[in-house]
Amino acid sequence: MPSIDHLNNIQQTLKNEQYDTKILEITEDSLLPCLIVHLGKDKEERDRIVKIFVQEQEMGEALLPEENEPKSIILSVLFELEFPFTFDPYHTPQLSSLLHFINDQHKITGFGMDEAHQKIFFRFHTLSTVEGINTKVLLSIIGIMMLYYDIHYMSIEEVANGKITFDEIAQQIIEVTKELPTLE
């Protein structure tokens with residue numbers, strides 16, 4: 001089944017949940033079709049958009065098929081939320097440290113950056129059966145992406161623009177944790 005058919009299935013699931021979606025065919029910017037999911041605006045009134053890409057992946061046994069056995073196929077599903085701002089390359093080391101710190105705190109590596117285009121993103125990759133992603137799992141992935149974006153975009157943008165350094169953010173975190181009650 002072509003990627004576009006899998007995207008249509010995901011699109012229908014999201015439309016049933018009242019998400020505004022659109023499928024983009026292959027373009028010069030993207031070698032794969034993708035599903036655009038509009039997640040509303042952030043506090044700065046900028047669009048939050050997730051792109052979803054799907055590719056079929058053959059399992060190892062497909063390389064040495066048995067006669068009369070169907071191919072085993074799984075889907076590789078990539079979710080990508082690109083931040084609506086770019087960063088000054090001068091601040092790359094500070095931004096890199098912050099994104100690494102955030103990823104480590106959440107135990108889910110998702111924040112990254114494209115240094116060539118000065119873009120920041122949150123990515124989540126999962127695998128699925130050909131039948132598609134469970135609705136609850138799909139909505140949970142989108143929800144966690146929105147949550148992490150909303151929690152971190154302001155500090156990421158401040159570091160990206162040089163308004164604050166990673167060290168200053170780390171110091172703020174230390175001060176806040178000192179004020180928290182201890183478990184004694």
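FYI, it's all coordinate maths here, none of it is from the lab. None of the values given here were measured: they were computed from a predicted structure. Using ideal geometry, Cβ is built from the backbone for each residue, glycine included, and neighbour counts are taken over all protein chains shown.
Details
- Candidate lysines - alpha carbon under 25 Å from residue 107, same-chain residues fewer than 8 apart omitted: 51, 119, 136, 178
- Local electrostatic count, residue 97, Cβ distance below 13 Å [Lys/Arg +1, Asp/Glu -1]: -3
- Förster radius 41 Å - calculated FRET efficiency between residue 158 and residue 58 (Cβ-Cβ, nearest 0.05): 0.40
- Shown here for the range 93-184: trypsin sites (Lys or Arg not before Pro) in loop regions (DSSP other than H, G, I, E, B) with at most 16 other Cβ atoms within 10 Å, namely 107, 163.
- Convex hull of the chain built on C-alpha atoms - directionally averaged projected area, nm²: 15.0
- Take the Cβ atoms of residue 74 and residue 147, set R0 to 41 Å, and the FRET efficiency comes out at 0.95.
- Burial ranking of peptide ranges 170-176, 151-157, 112-118 (average Cβ count within 10 Å, highest at the top): 151-157, 112-118, 170-176
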